[in-house]
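Trainee: Next up is a structure, given as C-alpha cells.
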Amino acid sequence: MNNYSESHIYDVLIVGAGPSGASAAYWLAEAGYDVAVVERKHFPREKTCGDGLTPRAVRQLEDMGLGDALTGAHKYYGLRTCGYGRELELRWPEHPSFPPYGYVITRHDLDMLVAERAVKAGAHLFQETEAVEPIIDTSSSPERQPSSGSDIHPQGAQDRLSKLLGIRAKCAKTGQTMDFRARYIILSEGTASRISRSIGAKRDKRLPLGMALRGYYRSPRHDDPFIESHLDVRDENGDILPGYAWIFPLGDGRVNVGVGLITTSGRWKGVNTSKMMDTFIANAPASWGLHPEASCGPATGGRLPMGLSTSPVCGPNVILTGDAAGSINPFNGEGISYGYETGRIAAACMGRALCGGGSDAVYDYGTRIQAAYGNYYKIGRTFVKMISHPEVMHRCVQLGMHSKPFMEWLLSIMANLLLPDSNAPAESMYKILNAVARVAPDPEYLSISIPFTK
Ligand SMILES: Cc1cc2nc3c(=O)[nH]c(=O)nc-3n(C[C@H](O)[C@H](O)[C@H](O)COP(=O)(O)OP(=O)(O)OC[C@H]3O[C@@H](n4cnc5c(N)ncnc54)[C@H](O)[C@@H]3O)c2cc1C
C-alpha cells in the first residue's frame with residue numbers, strides 16, 4: 001500500500017493505468033523517476049476490448065520485460081480475412097523489429113500484468129483513486145504560454161492546455177479527497193478524458209471515430225491459430241457497412257466476438273451496433289458455434305478515437321497519451337500498441353524535461369508524435385473516408401479478396417508493419433501513398449494542431 005502525503009511533490013503524476021499510463025509509468029520508474037499513478041478501478045478489472053495484440057504491441061510488452069509473462073496467453077500467427085464467400089489466411093510478415101506473432105489476452109489479465117510491472121519498477125500505484133479535478137497553476141497566464149500550433153486549428157485560439165500543479169482525486173473506499181502534486185503530469189485517461197477536456201483538449205469531430213461492441217462466447221475453435229475478420233458486415237436490411245466484425249480466439253474455451261464501425265460520417269451515426277452484432281452472430285461461420293446459448297454474457301461497447309484526433313496533445317507541463325490523445329490507428333482500430341508507444345514517448349519527453357529540458361522537452365512530444373504517426377495517420381484518415389462509401393468498400397473488398405499478395409501487402413500497411421528501407425511491393429505502394437499524402441492539400445491534416453511551434 002502506498003503512503004499518501006499531500007506535501008509530497010512527485011516528478012510525474014499519471015492519470016489512468018491502462019496501456020498508455022502503465023507504459024509511461026514503467027519507463028519513468030525504470031529510469032529512476034519518482035512516479036505516481038492514480039487509477040479509478042482496482043486491478044484486475046474488466047475493460048471492453050477485442051483483446052487482440054498485434055506484433056507491434058508484443059514488441060512493446062517484450063521491451064518492458066513481459067515476454068515470459070505472455071507465454072500463458074493465446075499465441076496466434078496471422079489474420080484470416082473473410083468476405084464475399086472467400087477467405088484468405090495472411091501470416092504476420094517477417095520484420096526486423098516486430099515478432100511474426102501476436103497474442104489474444106483479456107484486458108482483465110493484460111492490464112494488471114503491465115500495471116504490476118510498473119509497480120515492480122518503482123511506480124506508486126493508487127488504485128480506486130479517481131482524478132476528479134485538475135489543480136491549475138493560476139500564476140501561469142495563457143499569454144505567457146508557448147503557442148501550440150493553434151494558428152492552423154479551426155477550433156481557434158483557445159487551443160492551449162493549462163499548466164498544472166497537480167490533480168485532485170477521490171478515494172472510492174474512504175471518500176477522502178486527496179491532492180496529488182507533481183512537476184509534470186501525464187493524462188492517460190482513455191476515452192473518458194475528463195481531466196484533459198477540463199484543461200482545454202478537444203477532439204476534432206471531423207476526424208475518424210469508431211464505435212465497437214464485443215462479447216465473449218464459448219467456442220470449439222477457441223484455440224484457432226489465426227484471428228479472423230469479416231469485411232462484409234451488413235445492417236439488418238442487408239446493406240454493407242463501413243466497418244468489420246472479428247472473432248479473436250482466447251485459447252481458454254472462449255472467443256472474443258465484436259463489430260466495429262466508423263461513425264464519423266453522419267450517414268452512419270444512427271447505426272445500431274447491437275443489431276449489427278446480432279446480424280453478424282446469426283450469419284457467422286457455423287464452425288465457431290456462436291449461438292446465443294454459447295454467450296458468456298451481454299456485449300459491451302466503447303468509442304475509438306482515431307488518427308490523432310485530439311489536440312493539443314501537450315501543454316507546458318502536461319502530456320496526453322493513448323486514447324486521450326486520439327491515437328488509435330484509423331486503418332484497423334488498434335489502440336493498445338499505440339497506447340504503449342505514446343506512453344513510452346511521453347516518458348522520454350518527461351525524462352528530458354526533468355533533466356533540465358523543461359517545457360521545451362514537453363512540447364517536443366507533439367513533434368515526436370507527428371514524426372511517428374503524422375503521415376501514416378493522414379493516409380489512414382483518407383482510407384477511412386473511402387470506406388465510408390459502401391460502394392467503394394464493397395468494390396475494394398471484392399477485388400482484394402481475389403488476390404492474396406495484395407491482401408498481404410494491405411495487412412502490412414494496415415497493421416503498420418512496413419519494412420524500413422525496402423522496395424518490396426507493400427513498401428513501394430505505401431511510399432506512393434505517402435508521397436501523395438505529403439503534397440495533397442488535405443484540410444483535415446491542417447486541422448491537426450502541432451504543438452511544437454514555440
Ligand atoms: C470494443 C473495443 C474493441 C477494441 N479492440 C482492440 C483490440 O483488439 N486491439 C487493440 O489494440 N485495441 C483495441 N481497442 C482499442 C483499445 O482498447 C484502446 O485503444 C486502449 O485501451 C487505449 O489505452 P489507454 O491506456 O489510452 O486507455 P484505457 O485503456 O481506456 O485506460 C484508461 C485507464 O484510465 C482510468 N481512468 C479513466 N479516467 C480516470 C480518472 N478520472 N481517474 C483515474 N483513472 C481514470 C480507466 O479506469 C482506465 O484504466 C478496442 C476498443 C474497443 C472499444
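Trainee: So what's the net charge close to V119: Lys and Arg +1, Asp and Glu -1, counting the other residues with Cβ under 12 Å from its Cβ?
Mentor: Values: positive: R117, K120; negative: E30, E39, E116.
That works out to -1.
Trainee: Using Cα atoms only, what is the angle between the long axis of helix 425-439 and the major principal axis of the chain, expressed in degrees (0 to 90) to the nearest 10?
Mentor: Compared with the principal axis, the helix lies near 50 degrees.
Trainee: Where a ≥ b ≥ c are the square roots of the eigenvalues of the C-alpha gyration tensor, would you call the stretch 170-272 rounded, which needs a/c under 1.5, or, failing that, prolate if a/b is larger than b/c, or oblate?
Mentor: oblate
Trainee: How high is the relative contact order of the chain? Use alpha-carbon pairs under 8 Å, at least six apart in sequence, and give a whole percent.
Mentor: 21 percent.
Trainee: In degrees from 0 to 90, rounded to the nearest 10, what is the angle of the helix 404-414 Cα long axis to the longest principal axis of the chain?
Mentor: On a 0 to 90 degree scale, this one is about 10.
Trainee: Tell me whether the stretch 1-114 comes out rounded, prolate or oblate; compute the Cα gyration tensor, take square roots of the eigenvalues as a ≥ b ≥ c, and use a/c under 1.5 as the rounded threshold.
Mentor: Verdict is prolate for the stretch 1-114.
Trainee: Further, regarding this structure: Taking K275 as the anchor, which lysines have their alpha carbon closer than 22 Å to its alpha carbon, excluding any fewer than eight residues away along the same chain?
Mentor: K47
Trainee: Taking each pair of different alpha-carbon atoms in the chain once, compute 1/r for the pair, average those values, and report the inverse of that mean as the Kirkwood hydrodynamic radius in Å to one decimal.
Mentor: Taking every pair of different Cα atoms in the chain, averaging 1/r and inverting gives 22.5 Å.
Trainee: Using only Cα atoms, tell me the angle between helix 390-400 and the longest principal axis of the chain; keep it within 0 to 90° and round to the nearest 10.
Mentor: For 390-400 against the chain, the angle is about 70 degrees.
Trainee: I've got another one for you. Lys and Arg at +1, Asp and Glu at -1: add these up for the other residues within a Cβ distance under 11 Å of S193 and post the number. Each step should come with its number before you reach the end.
Mentor: Numbers: positive: R194, R197, K202, R203, R303; negative: E189, D323.
That sum, taken over residues with Cβ under 11 Å, equals +3.
Trainee: Quick one: work out the % antiparallel among DSSP beta bridges in the chain, nearest 5.
Mentor: Close to 70 percent.
Trainee: From the helices alone, meaning DSSP H stretches of at least four residues, give me the mean residue ellipticity at 222 nm for the chain, per-run term -39500 (n - 2.57), in deg cm²/dmol to the nearest 500.
Mentor: Result for the chain, helices only: -10000 deg cm²/dmol.
Trainee: To continue, here is another question. Using unit Cβ charges (K, R positive; D, E negative) and no other charged atoms, how large, in debye to the nearest 20, is the dipole of the chain about its Cα centre?
Mentor: 760 debye
Trainee: Could you tell me which GluC sites (Glu not before Pro) in the stretch 6-62 are loop residues by DSSP with no more than 16 other beta carbons within 10 angstrom of their beta carbon?
Mentor: Qualifying residues, ordered by number: E6, E46.
Trainee: Then there's this: For the chain, which whole-number percentage of the solvent-accessible area (1.4 Å probe, protein heavy atoms only) is attributable to carbon and sulfur atoms?
Mentor: 54 percent
Trainee: Roughly how big is the stretch 191-271's charge dipole about its Cα centre, with Cβ charges of +1 (Lys, Arg) and -1 (Asp, Glu), in debye to the nearest 20?
Mentor: Roughly 700 debye for the stretch 191-271.
The values are calculated or read from the model by the stated rules, or taken from the named source; none is laboratory data. Owing to the predicted nature of the structure, the values given are computational and were not obtained by experimental measurement. A quick note on method: Cβ atoms are made from the backbone with ideal geometry, for glycine too, and the neighbour counts reach across all protein chains shown. Heads up: the accessible areas ignore ligands, DNA and RNA and are worked out on the full protein's heavy atoms, side chains in. Shrake-Rupley method; radii C 1.70, N 1.55, O 1.52, S 1.80 Å.
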